[in-house]
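Inspection log for the structure reproduced underneath, given as structure tokens.
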């Protein structure tokens, strides 16, 4: 019919025109790249995201975070010896007591794109509960740690740790202080969280 309209010059009626941006309700959803999906959900959860192309940018970003929050001379709760080595030039004041520390510096297992959360385990937090850790988190991660959902992350943990699967596996999802708590947020520990993300792919 549209060919005949073109030939004979018949005008299109509003019912016959379909806008290109309109999608039918049965069309498949447009799938976002995994990194973009994570970024959108992570920011919606209140997280602060710093993308870095190399270690020089990671060091610069960490320095800016510490300066912005006046944490240069404050106690840090740091369990990961690899991070102590990685950031040894910062003169971090490592406190062995989490509640006496101003912030927690750590890695994570995976970055979950579906809901913008971070999957962590006893490899990062030992046997501590989230509520027993400082309110401020600085997490160092890489782009190779993106996974689509929690199930994929759990499979990844199992495959990486075949000899001894870590315990205390949990997600951190709320990155802003919740003034009005309701039953949906009951039991969740919200953290002020900075994510230092290194491009490694």
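Per-structure values
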item	result
Enumeration of residues in segment 107-123 that are in a helix (DSSP H, G or I) and buried (at least 18 other Cβ atoms within 10 Å of the Cβ)	123
Any hit, segment 86-102, residues being in contact (Cβ under 8 Å) with a residue 40 or more places away in the chain and either more than 18 Å from residue 70 (Cα to Cα) or surrounded by fewer than 16 Cβ atoms within 10 Å (Cβ to Cβ) (or both)	yes
Test: residue in segment 56-70 that is in contact with a strand residue (DSSP E or B) (Cβ under 6 Å, 6 or more places away or on another chain), within 26 Å of residue 129 (Cα to Cα) and modelled with pLDDT under 95	no
Cβ pairs under 6 Å, 6+ apart, first in segment 168-182 and at positive phi and surrounded by fewer than 18 Cβ atoms within 10 Å (Cβ to Cβ), second at pLDDT 90 or above and outside any loop (DSSP other than H, G, I, E, B)	168/122
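The values are calculated or read from the model by the stated rules, or taken from the named source; none is laboratory data. Everything quoted here is computed from the prediction, not taken from an experiment. Heads up, the Cβs are rebuilt from the backbone with ideal geometry, glycines too, and the neighbour counts pull from every protein chain shown.
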